[in-house]
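Working notes, structure below.
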Amino acid sequence: MSTTNKFLVGMFDDDQTLLKAVQSAKESGLKIADAFTPFPVHGLEHKLGLRATKLHTAGFVFGATGLTTAFSLMAFANAVDYPTNFGGKPYFSLPAWIPIMFELTVLFASVGMVIAFYYLCNLYPGKQPKIVDPRLTDDMFALTFDITGDNEQSSKITEFLNKEGAVEVFEKDI
Amino acid sequence: MKNTYIFTPEAKGYLIKGFVVGLILLAIGVALNWNVGAGGDHHHEHAATLRTHLIANIYSIVLYGFWIGVTALFFLSATTLALGGWHIQIQKVLLAIGGTLPFSILLLAVFFGLFNHDLFHWTHDLYDPNSPTYDAILASKRDYLNMGRFWAFAIALFLMVLTIYYLWHKNLNEMDVNPSVKLFDRSRAIAAGSIFVLAMLVNTFGSWDWAMSIQPHWYSTMFSWYLMASAAVGMFSVLFIIIFYLKRNEYLPHVNENHQHDVAKYMFAISIFWTYVWFSQFMLIWYANIPEETLYFTKRLNGYSIMFYASLVLNFILPFLALMKRDSKRKSNLVLVIAVLIIIGHWFDFFNMIVPELIAGGGGFNLISIGAFVALSSVFIYIALATLSRYKDLSSSTHPYIRESYGHHI
């Protein structure tokens with residue numbers, strides 16, 4: 001993970017300007033590496049053409065695993081392996097198990113989704129953050145373009161960003 | 001751009017046909033059950049007669065319709081109070097669903113006035129120690145379960161509901177003509193009063209008096225919110241169907257899949273909430289296994305088990321699996337089918353609350369039920385659409401929050 005890429009960063013001070021720049025970049029065939037904003041900008045994910053996350057599907061699979069785990073453990077223990085009489089209820093007492101099945105569904109889904117989220121975002125404890133610019137958590141917006149080994153693109157993109165109203169353009173190795 | 005809903009003769013024709021079909025089914029049901037419960041039955045002292053069949057089935061549907069109206073006004077108030085903006089374009093539809101309330105209140109009043117003896121066991125001569133039907137347990141509840149208190153509460157609750165509907169109706173119509181911050185603030189004040197009155201007073205005492213007291217020996221502290229959750233899912237389904245119908249006829253041009261997604265989300269979420277309450281009530285009673293509590297479910301599982309499990313499938317498993325994905329909530333054709341099934345499912349739920357108590361041992365669900373449901377839902381939809389056509393500004397296009405509704409994006 002130690003490879004660094006060279007990025008051209010265009011800083012914007014307005015979310016609407018950024019949205020317009022994304023649109024023009026798409027029209028002029030420039031490939032945006034990523035966009036950074038201090039708050040969610042409506043419609044940005046569609047304009048960037050990001051595909052929908054698969055985290056929900058992972059959540060469903062984890063939840064179903066939790067449900068099955070709880071059910072099979074209780075069914076095996078209470079009805080097969082060690083049947084015990086609790087208040088005259090049948091050994092196979094589904095209503096009594098449902099709260100535990102629900103709890104394990106929630107537990108597996110939430111813990112599993114946290115792990116899946118870390119995996120999808122390439123995060124792990126002790127990871128050194130790669131910060132494009134600290135102002136991006138405050139009041140600035142940025143578009144980044146990957147220009148690794150392609151210096152010809154650099155001047156063209158710089159020109160494009162200036163035209164689209166970027167307040168600052170700089171190169172950064174990340 | 002059409003911004004006033006026109007209730008076309010074609011739409012009226014469909015609903016009138018629906019009503020007639022319902023009446024025909026009801027008539028066939030009556031003919032088939034003409035001799036039901038008359039003589040011959042030695043096992044039950046009071047076998048349910050045709051009269052009981054008609055009263056029980058129609059009453060459960062009227063109660064369902066009444067609560068759909070109440071939850072529509074409640075939802076309108078709650079969203080307004082939370083400074084919601086997305087629903088502004090469809091708030092007239094919510095108000096129009098509330099417009100069925102005068103009709104359902106009239107029907108309920110008729111039931112309470114003429115058929116209270118058929119519906120409520122506690123109106124029988126139970127409180128006099130010298131009476132052969134003296135019931136010591138119910139006699140201890142006589143301070144609450146008596147006709148004087150019942151009517152006082154019913155009239156008070158009906159008047160409160162009608163006042164809330166009138167205030168909302170007046171306020172939103174004034175806002176269409178002459179929007180001002182003062183009127184907007186007033187709508188929030190109405191909303192604040194409404195959620196208290198509708199949720200705390202109407203829902204609590206209404207569900208105790210008009211639904212739970214049908215089985216006066218049994219009580220559940222979860223019953224009020226179970227009933228309201230049930231009606232709320234039905235209301236969101238009705239809301240979705242009316243929006244779908246309006247969209248198809250080129251009304252509400254700025255309502256898009258984002259707004260429909262939000263309504264579908266409520267259908268999904270409140271379905272799960274309903275299941276939570278339904279199951280909590282069931283499991284505690286099942287686990288404790290106390291005879292006077294299990295009585296309620298014994299009556300519903302003996303003879304009505306198909307309705308009992310069908311309501312669980314239609315109201316939980318189906319919406320849970322079908323509406324879970326974001327994409328499926330945005331497919332209006334799919335949500336439409338689910339909405340229709342949910343409305344039927346919650347009708348089964350209201351049926352289960354009322355009918356098994358009055359027609360014990362099964363047989364309560366027949367053509368009478370289906371005919372009454374088809375006929376009455378046609379009337380309810382007719383009244384809702386007729387109310388909707390009275391609003392000059394269907395999408396509330398002069399509301400201060402309308403831009404937020406236009407730009408709603410999730």
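Data overview
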item	result
Matching residues, segment B:283-310, being loosely packed, with under 13 Cβ neighbours inside 10 Å and within 18 Å of A:Gly87 (Cα to Cα)	B:Ala288, B:Asn289, B:Ile290, B:Pro291, B:Glu292
Residue count for segment A:43-54, restricted to those that are within 12 Å of chain B (Cβ to nearest Cβ) and surrounded by 15 or more Cβ atoms within 10 Å (Cβ to Cβ)	1
Checking A:Ala21 against (1) closer than 16 Å to A:Val167 by Cα; (2) within 14 Å of chain B (Cβ to nearest Cβ), the condition it does not meet	(2)
Unique residue being away from every other protein chain (no Cβ under 14 Å), modelled with pLDDT of 95 or more and over 17 Å from B:Tyr59 (Cα atoms) when the list is B:Val374, B:Val340	B:Val340
Pair list, Cβ under 8 Å, 6 or more apart: segment B:287-307 residue within 12 Å of chain A (Cβ to nearest Cβ), other residue of a type in the set (A, V, I, L, M) and in a helix (DSSP H, G or I)	B:Tyr287/A:Ala96; B:Phe297/B:Ile285
Within segment B:346-381, tally of residues that are touching a residue at least 60 places away in the same chain (Cβ under 8 Å) and closer than 30 Å to B:His217 by Cβ	23
Every pair of residues 6+ apart whose Cβ atoms lie under 9 Å, when the first sits in segment B:1-12 and is touching a residue at least 24 places away in the same chain (Cβ under 8 Å) while the second is assigned to a helix (DSSP H, G or I) and among the basic types (Lys, Arg)	B:Tyr5/B:Lys92
Candidates A:Leu123, A:Leu161, A:Leu143, filtered to the one that is part of a helix (DSSP H, G or I) and among the aliphatic types (A, V, I, L, M)	A:Leu161
Top-ranked residue of segment B:386-400 - restricted to ones that are surrounded by 21 or more Cβ atoms within 10 Å (Cβ to Cβ) and of a type in the set (A, V, I, L, M), ranked as nearest to the other protein chains (Cβ to nearest Cβ)	B:Leu394
Whichever residue in segment B:401-410 is surrounded by fewer than 16 Cβ atoms within 10 Å (Cβ to Cβ) and part of a loop (DSSP other than H, G, I, E, B) and, among such residues, is nearest to the other protein chains (Cβ to nearest Cβ)	B:His409
Subset of segment A:15-30 (residues that are surrounded by 15 or more Cβ atoms within 10 Å (Cβ to Cβ) and assigned to a loop (DSSP other than H, G, I, E, B))	A:Leu30
Subset of segment A:55-97 that is aromatic (Phe, Trp, Tyr) and in contact with a Phe, Trp or Tyr (Cβ under 7 Å, 6 or more places away or on another chain) - its residue that is nearest to B:Ile290 (Cα to Cα)	A:Trp97
Helices (runs of 4 or more DSSP H) contained in segment B:54-120 and holding at least 3 residues at pLDDT 95 or above and not acidic (Asp, Glu)	B:91-98, B:101-114
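Every residue, every condition in (1) surrounded by fewer than 16 Cβ atoms within 10 Å (Cβ to Cβ); (2) at pLDDT below 95; (3) part of a helix (DSSP H, G or I); (4) more than 11 Å from every other protein chain (Cβ to nearest Cβ), yes or no:
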residue: A:Ile32; (1), (2), (3), (4): no, yes, no, yes
residue: A:Val41; (1), (2), (3), (4): no, yes, no, no
residue: A:Gly59; (1), (2), (3), (4): no, yes, yes, no
residue: A:Phe62; (1), (2), (3), (4): no, no, yes, yes
residue: A:Thr65; (1), (2), (3), (4): yes, no, yes, yes
residue: A:Ser72; (1), (2), (3), (4): yes, no, yes, yes
residue: A:Asn78; (1), (2), (3), (4): no, yes, yes, yes
residue: A:Thr84; (1), (2), (3), (4): yes, yes, no, yes
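The values are calculated or read from the model by the stated rules, or taken from the named source; none is laboratory data. Treat the numbers as computed from the prediction; the structure is a model and nothing was measured. FYI the Cβ positions are ideal-geometry reconstructions off the backbone, even for glycines, and counts take in every protein chain you see.
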